[in-house]
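Every number in this text was worked out from the coordinates using simple rules, so none of it is lab data. For clarity, every value in this text was computed on a predicted model and none was experimentally measured. Here the Cβ positions follow ideal geometry from the backbone for every residue, glycine too, while neighbour counts run over all protein chains shown.
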């Protein structure tokens, strides 16, 4: 029988949300998490609202299997025209962690599970960061900024310069 994270001991540290997964690891009970987790700014992206993490945790052998989804909205400037852009990010989670033994290494493959403490905040932050696109554009066909006047060449962007015959985006 599984149980929700509500009522499970946890504590927050900045963007961290620590959950005690001892009942999952030692008793084999499954756990479902439905949490809102703050995601700090990353590069030029900001996250105006917390990420929504819906995760199922279960024991597999001696390890912890985590599956589910994380949804968050990222805000940034278009890499071509600099307009504000909101990008929905959905991460399908399929992770497996083995409990650590010995010293703590912040650069190890498993730096979110320490004994029975799962750092859900750090897990969410890492998975969201790895799912972000390399470039952010307002539309697939964004024409960027005009080399002459510096205004957006998109419809309604303000550029009134005549098309440049030497470029295709003119």
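Can you tell me the length gained on complete extension of the stretch residue 34 to residue 79, counting 0.36 nm per residue apart and subtracting the Cα distance?
12.9 nm
Compute the FRET efficiency between residue 155 and residue 46 as 1/(1 + (r/R0)^6), taking r as their Cβ-Cβ distance and R0 = 22 Å, and round to the nearest 0.05.
Computed FRET efficiency for residue 155 and residue 46 comes out at 0.25.
Quickly work out the residue 147-to-residue 96 label distance, labels modelled 7 Å from Cα along the C-beta direction, and quote it in nm with one decimal.
5.3 nm
Want the number for residue 131 to residue 54: 0.36 nm per residue separation, take away the alpha-carbon distance, what's left?
26.1 nm
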